[in-house]
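Read through the structure below, which is laid out as structure tokens, and then see the notes.
The values are calculated or read from the model by the stated rules, or taken from the named source; none is laboratory data. Just so it is clear, the model here is predicted, and its values are computed rather than measured. Reconstructed Cβ throughout: ideal geometry from the backbone, glycine too, with neighbour counts over all protein chains shown. To get the accessible areas, we keep the full protein, side chains included, count just its heavy atoms, and leave off ligands, DNA and RNA. Shrake-Rupley method; radii C 1.70, N 1.55, O 1.52, S 1.80 Å.
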Amino acid sequence: MTGYSNYEKFARLAVVKLEEVLNSDEFRKAVLSGNYIRTNGFSNKDLYEQIMKAHEVQGEGGEDKVIDLRLRTLSLDSDGSGWMKACDLNSRYGTIGIDGNRDGIAAICPQRLELWAKENSISELAGHYAHEYMHIIGFSHHKCLSSQNWREKTFVYKIGNLVTELISNNGNAN
Ligand SMILES: [Zn+2]
């Protein structure tokens, strides 16, 4: 975890919740009964197994069956002014972070991290990690001119949203 400074403790709470959810029976059942696009041709059962296998295809990876989550915040130095502008909370892009830059490190906009920390939105942060992790294990939602509606049907988006929803429903975080 790099660049998280004061929010490291908050982020660790989200990681703990993420782990709990991924290992839950509720999560397994929800994944198996889901309906997704952009599945790399996998059945629901295989999709669930891919998550459990936790084999990172982007970045350094690590041990299988263990989620090797590498995190950083975006910065002007490493990402440039274009990204920092997109990160602006009022930006029309609604950018949360960078995915798919192939280094296996999930990057979050510092403004977003700060906002979620202030709101104690552990569920949102955990959902973001789940989303990015789906990219790291090889799934994508990219398509030219994709509409929000189209994106939200993808496996990557649905898993991120599912994690947020399950944590919220369990009532112990926002
Ligand atoms: Zn994404």
For the Cα atoms of the chain, what angle does the longest principal axis make with the long axis of helix 155-169, in degrees from 0 to 90, nearest 10? 90
Could you do me a favour and compute the accessible area per residue for segment 5-169, 1.4 Å probe, result in Å²? 53
Just want the answer: with Cβ charges of +1 for Lys and Arg and -1 for Asp and Glu, which residue in Val156, Asn169, Gly62 is farthest toward the dipole's positive end in segment 62-174? Val156
Please report, in debye to the nearest 20, how large the charge dipole of segment 71-174 is about its Cα centre when each Lys and Arg carries +1 at its beta carbon and each Asp and Glu carries -1 there. 300
Excluding residues fewer than 8 positions from Lys65 in its own chain, the aspartates and glutamates with Cα under 13 Å of it are Glu19, Glu49, Glu56
Given a 1.4 Å probe and every protein chain left where it sits, what share in percent of the accessible area of segment 29-105 is carbon and sulfur? 48
Charges at C-beta only: +1 for Lys and Arg, -1 for Asp and Glu. How large is the resulting dipole of the chain about its Cα centre, in Debye rounded to 20? 480
Built amide H within the under 5 Å cut-off of Ile37, gap 5+: Thr154, Phe155
Across all Cα atoms of segment 42-162, Rg and the largest Cα-Cα distance (Dmax), in Å, are 14.5, 42
Applying the Karplus parametrisation 6.51 cos²θ - 1.76 cosθ + 1.60 with θ = phi - 60° to the phi angles of segment 85-95, what ³J(HN,Hα) value in whole Hz is obtained for each residue in order, glycine and proline being reported as x? 5, 4, 6, 3, 4, 8, 5, 6, 7, x, 5
Pairs to check: Lys9/Lys45; Lys29/Lys153; Lys85/Lys158. Give those whose C-alpha atoms are more than 24 Å from each other in this structure. Lys9/Lys45; Lys85/Lys158
Radius of gyration and Dmax over the Cα atoms of segment 54-95, both given in Å: 14.6, 39
Per-residue HN-Hα couplings for segment 47-53 [Karplus 6.51, -1.76, 1.60; θ = phi - 60°; Hz; x = Gly/Pro]: 4, 4, 5, 4, 5, 5, 5
Would you calculate, for the chain, the mean residue ellipticity at 222 nm contributed by helices, counting each DSSP H stretch of 4 or more residues as -39,500 (n - 2.57) and dividing by all residues, to the nearest 500? -15500 deg cm²/dmol
